[in-house]
1. Tell me, in nm to one decimal, what length is gained between SER150 and ARG264 on full extension, where the rule is 0.36 nm per residue of separation less the Cα-Cα distance?
2. Hey, what do the phi angles of the range 144-157 turn into as Karplus ³J(HN,Hα) couplings, whole Hz, using 6.51/-1.76/1.60 and θ = phi - 60°, x for Gly and Pro?
3. Give me the 1.4 Å probe accessible area per residue for the range 119-254, excluding ligands and nucleic acids, in Å².
4. Amide H neighbours of VAL112 under 5 Å, at least 5 residues apart or on other chains, H built in the peptide plane: list them.
5. Which FRET efficiency value, to the nearest 0.05, do you get for GLU218 and VAL307 by plugging their Cβ-Cβ distance into 1/(1 + (r/R0)^6) with R0 = 30 Å?
6. Return the loop-located GluC sites (Glu not before Pro) in the range 221-281 (DSSP other than H, G, I, E, B) with at most 12 other Cβ atoms within 10 Å of their own Cβ; answer none if there are none.
7. Given H placed on each backbone N at 1.01 Å, which residues far from ILE187 in sequence or on other chains put an amide H within less than 5 Å of it?
8. What net charge do the residues around GLU211 carry, taking every other residue with its C-beta under 13 Å from that of GLU211, with Lys and Arg at +1 and Asp and Glu at -1?
Amino acid sequence: MASTEDERRTSAAADEPEPEITILPPKPIASLSISLSSLLSPPPSKPLKIPSQISAVHFSLSPSPLRSRPSILSTSGAASSSPIPALFPLRPLTRRPSDPSHPVGLRRCSIVWFRSDLRVHDNEALSAANADSLSVLPVYCFDPRDYGRSPSGLDRTGPHRARFLLDSVSDLRRRLRARGSDLVVRIGRPEVVIPEVARAAGADGVYAHLEVSRGEVEAEESVRGAVEGEEGVEVRYFWGSTLYHLEDLPFKLEGLPLNYGGFREKVKGVKVRGTIEAPDKLKGLPKMGDVEVGEIPSLLDLGLSPVSDGAQDGKSATNANASSLIGGETEALERLKTFAAECRAQPNKDGNQESIYGANFSCKISPWLAMGCLSPRYLFEELNKSAIRTISAASTNKKSATLAENGMNWLMFELLWRDFFRFITKKYSSSQRKVDAVPATACSGALV
């Protein structure tokens, strides 16, 4: 009986359906195991190479500690299937010059290559570098190609001009030091010196003003080619040697009229841009590389004989005038201040429109304009202020007001001539342009 009951129970159990077994997918323990094994694996034998343009600041700003270890998830096939995306090679930080208040938007170090812009006022290259960078390194090169004898047997740079230049470079160094910076001085070709200094200082930017003559344009192209060959280094050029900005002309440079009259007519409605104030404080020199500033050379170092202040060969007046000129922005601003006072004191000497103020009826500011110790826009702006004050004070005297306007018209006339010469020189100086002949007016002189 018991056996029959046991058989019945066994038969009922056999008739019941077997419970379904559900196999759950494994949790991603294997993936975690792979990641841990990668973390615990010995470091690769090949050293990690970090691009030279990445500074310590870049690592401190990394959003994740994984970003500073690119070897963790980079090799095995299992690692490539990880949900974490593969890391790209480290890149320089995105720069935002328009928002210099953010450290992420700043360059590590920028070189300011001074040329014929030996001033701190109205200097767009200097101001832009100071706003864009954590440190600024001003540099001036005495290019050996600018000295010695030309193929025609003449001095490329005479002793009087060279001494004026040395004065200007010395004054620039003093003014930069007064703002917390300095000036690195070298004798050598810019396309050799600038990349060397950039490598030593770890610079990632070069700022400079464009010039107009063939040799100067070729130097710009050589510097760009040499510097941008360095990884992560950018060259930025600016325009700042004329009254009217190159970008504000109502025509392309190729369409520049070949005569002054045509040029003057076309630029009648163009406005003069405002000047850029000299920065009160400049970013300090870079700590990397410990770049020596160097000594300012003498005339003998440039292959020239010392200038004698005495009269020789019956040229006493010429020698005395040349020797009395002191180069530099400081002297230029003082000369401008004196000339502006003369303008206010005597709007037109003897009532003759041809008789303009100053020694020998000229402002005598051309040398400082040529070296860039004085900005033509700043000259125009300051004298225009003087003329406005004079006209306002002489509002009851129509003759005096008219004479003050004539003085400004004369200044504008001379500065426009200077602009015309520089623009037309620029037009024909590009190494990309082949011309059979250069117009006789294509020179960079000034009549001011």
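1. Numbers: separation 114, 0.36 × 114 = 41.04 nm, distance 3.46 nm.
Contour length minus Cα-Cα distance gives 37.6 nm.
2. Listing the rounded values in order: x, 5, 8, 10, x, 9, 7, x, 7, x, 9, 5, 5, 9 Hz.
3. On the way: 5190 Å² over 136 residues.
Per residue, the range 119-254 has 38 Å² of solvent-accessible surface.
4. LEU137, VAL139, TYR207
5. Working: r = 30 Å, r/R0 = 0.99.
Efficiency at R0 = 30 Å is approximately 0.50.
6. Values: sites: GLU221, GLU228, GLU230, GLU231, GLU234, GLU247, GLU254, GLU265, GLU277; in loops: GLU228, GLU230, GLU231, GLU277.
Within the range 221-281, the qualifying GluC sites (Glu not before Pro) (loop, at most 12 other Cβ atoms within 10 Å) are GLU231, GLU277.
7. The answer is PHE142.
8. Details: positive: ARG115, ARG214, ARG422, LYS426; negative: ASP117, ASP143, ASP146, GLU216, GLU218, GLU220, GLU221.
Charge balance in the 13 Å sphere: -3.
The values are calculated or read from the model by the stated rules, or taken from the named source; none is laboratory data. This structure is a prediction, so every number in the text was calculated from the model and none was measured. Reconstructed Cβ throughout: ideal geometry from the backbone, glycine too, with neighbour counts over all protein chains shown. Heavy atoms of the whole protein, side chains included, go into the accessibility calculation; ligands, DNA and RNA do not. Shrake-Rupley method; radii C 1.70, N 1.55, O 1.52, S 1.80 Å.
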